[in-house]
Amino acid sequence: MDVPWLLVAHGSLTALVVVSFLCGQWPIFEGTFVQSINHFLTSGAYRHFLRLVQASCGNGARDLVLGVEQYCCDRPNPILQLFYVAIIGGSYIIIVQTSFKYIPGYYVSVWHRYLSIVVVSIGAILFALTSFSDPGTVTSENVSQYVSAYPFDNIIFVEKECSTCKIIRPARAKHCRICDRCVARFDHHCGWMNNCIGEKNTRYFVAFLLWHFLLCMYGAVILAFIIAGELKVKKVIYILTVYYGVDNSFSGLFPHVAQWLLAVHNTQILLAVFLGIIALLLGGFCAYHVHLCLSNTTTNESFKWQDYIFWMKKENAARASAAVLKASISGASSEAQEPAPSKWKTFFSRSQTPAEEPVVKNNIYDVGWIRNLWEVIVPLSERRSFSRRKSD
Ligand SMILES: [Zn+2]
Ligand SMILES: [Zn+2]
């Protein structure tokens, strides 16, 4: 019994580390130990490691580590792409080696052996499309068309030149410091894809997220059906109740069934839990990006809007308090000449002080969810009207 519980503890710890690393900065984890683990994993552990390297091997070794970090984080590199291939390929090979022997099973028909190859291949094709396609690089040849296609809103996008590319940076574009180019309708630079996500490949990126979410769900469900089929074929419940006299109730059977599952099918359980956790993470990320597509916003713009709303609220609050101060000064000077107002009058006059103006997010690119979605599926630069556009 020791080994299965060790596996469960190992699986739980892995899940905690993965969730903390990927989601520890989400607002729901604020102030929790998940956020603390995230801080440690993302910055604290690295700082300690650098100090350790410096203390044990000197400044040269520390500079070497910093150089590797710069290559991994600030330069285009295929490290995470290879990691993705290793995870997908490794998981599929482990599933083939450990679980295909149960297919066909009581609940799982033989065609899942072939369907699994097809769905994994489609996932790999979407990965390649997102990784190796042009995200919408802005060049001196197409800049005028992009400027014309995306008008400046003069709120979060104002007309200015990119200091590196020396061309006007169209609204919604951003200069990616990793790829060293301006990308139209820039969403973010994706390390997993080693590519920017922009105007032309957001469709592949969202399809990739959606497909991998469904792929992981599919794997987890099939593994669960394999386990359920084995329980049925091996007549575990029948043997437990008839031969071992276990009480035929959920509370009576659960510990014995769990013990059998962890002893015989711990690999399938771990794989199903792993796929389930990845599916949840991908599902959340995918839902966020679908929401962005439907509202015609990008990740880059959502940060810009956050900043804009934060500063506008501050400005409005300052303006409102200045107005209150002005009103109280003029009230004090008039009080000297007029008789003191009643308490009721003072109470109501307070409610007349200028309230803070609400901050409105006016996204001019939002043209209704159907057209927004269509803009992602068929980017503006791939439409016939785009080549006819001129900014002047
Ligand atoms: Zn640029
Ligand atoms: Zn980039």
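The values are calculated or read from the model by the stated rules, or taken from the named source; none is laboratory data. All values reported here derive from a predicted model rather than from experimental measurement. Every residue, glycine as well, gets a Cβ built from its backbone with ideal geometry; the counts of neighbours run over all protein chains shown.
Some points to look at:
- Of all residues in region 152-164, those that are farther than 20 Å from Val359 by Cβ and modelled with pLDDT of 95 or more have Cβ atoms under 8 Å from Cβ atoms of residues that are of a type in the set (Phe, Trp, Tyr) and away from ligand 1 (no atom under 11 Å from the Cβ), 6 or more apart or on another chain, in Glu159/Phe152.
- Some residue of region 203-219 being in contact with an Asp or Glu (Cβ under 6 Å, 6 or more places away or on another chain), modelled with pLDDT of 95 or more and within 16 Å of ligand 2 (Cβ to nearest atom): no
- Residue match in region 353-361 (condition: over 30 Å from Lys200 (Cα atoms), modelled with pLDDT under 90 and part of a helix (DSSP H, G or I)): no
- Screening Val118 against (1) loosely packed, with under 15 Cβ neighbours inside 10 Å; (2) touching a residue at least 24 places away in the same chain (Cβ under 8 Å); (3) in a helix (DSSP H, G or I) leaves a single unmet condition, (2).
- Odd one out for Leu80, checked against (1) outside any helix (DSSP H, G or I); (2) in contact (Cβ under 8 Å) with a residue 40 or more places away in the chain: (1)
- Region 278-322 - residue that is among the aromatic types (Phe, Trp, Tyr) and within 13 Å of the chain's Cα centre (by Cα) and, of those, surrounded by the fewest Cβ atoms within 10 Å (Cβ to Cβ): Tyr288
- Of all residues in region 155-182 being within 16 Å of ligand 2 (Cβ to nearest atom) and more than 16 Å from Gly136 (Cβ to Cβ), the one that is surrounded by the fewest Cβ atoms within 10 Å (Cβ to Cβ): Arg177
- Checking the stated criteria, Thr42 turns out not to satisfy the condition of being surrounded by 14 or more Cβ atoms within 10 Å (Cβ to Cβ), of a type in the set (Ser, Thr, Tyr), at pLDDT below 85 and assigned to a helix (DSSP H, G or I).
- Every pair of residues 6+ apart whose Cβ atoms lie under 9 Å, when the first sits in region 187-204 and is over 18 Å from Tyr365 (Cα atoms) and free of Cβ contacts under 8 Å to residues at least 60 places away in the same chain while the second is within 16 Å of ligand 1 (Cβ to nearest atom) and of a type in the set (D, E, K, R): His189/Arg177
- Residues satisfying the stated conditions in region 128-154, i.e. within 16 Å of ligand 2 (Cβ to nearest atom), touching a helix residue (DSSP H, G or I) at 6+ places or on another chain (Cβ under 7 Å) and not aliphatic (A, V, I, L, M): Thr130, Ser131, Ser133, Gly136
Residue-wise test of (1) at pLDDT 90 or above; (2) on the phi > 0 side of the Ramachandran plot; (3) not polar (S, T, N, Q).
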{"residue": "Arg47", "(1), (2), (3)": "no, no, yes"}
{"residue": "Leu50", "(1), (2), (3)": "no, no, yes"}
{"residue": "Gln54", "(1), (2), (3)": "no, no, no"}
{"residue": "Gly60", "(1), (2), (3)": "no, no, yes"}
{"residue": "Pro78", "(1), (2), (3)": "yes, no, yes"}
{"residue": "Ile87", "(1), (2), (3)": "yes, no, yes"}
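- Residues in region 52-87 that are more than 15 Å from ligand 2 (Cβ to nearest atom), surrounded by 13 or more Cβ atoms within 10 Å (Cβ to Cβ) and not hydrophobic (A, V, I, L, M, F, W, C): Gln54, Arg62, Tyr84.
- Filtered by the rule that a residue be hydrophobic (A, V, I, L, M, F, W, C) and without any contact (Cβ under 8 Å) to a residue 12 or more places away in the chain, region 215-251 gives Val221, Ile239, Val242, Val246, Phe250.
- For Ala124, the requirement of being at pLDDT 95 or above, more than 16 Å from ligand 2 (Cβ to nearest atom) and in a loop (DSSP other than H, G, I, E, B) is not met.
- Filter result for Ala336 (more than 30 Å from Val221 (Cα to Cα), at pLDDT below 95 and not hydroxyl-bearing (Ser, Thr, Tyr)): yes
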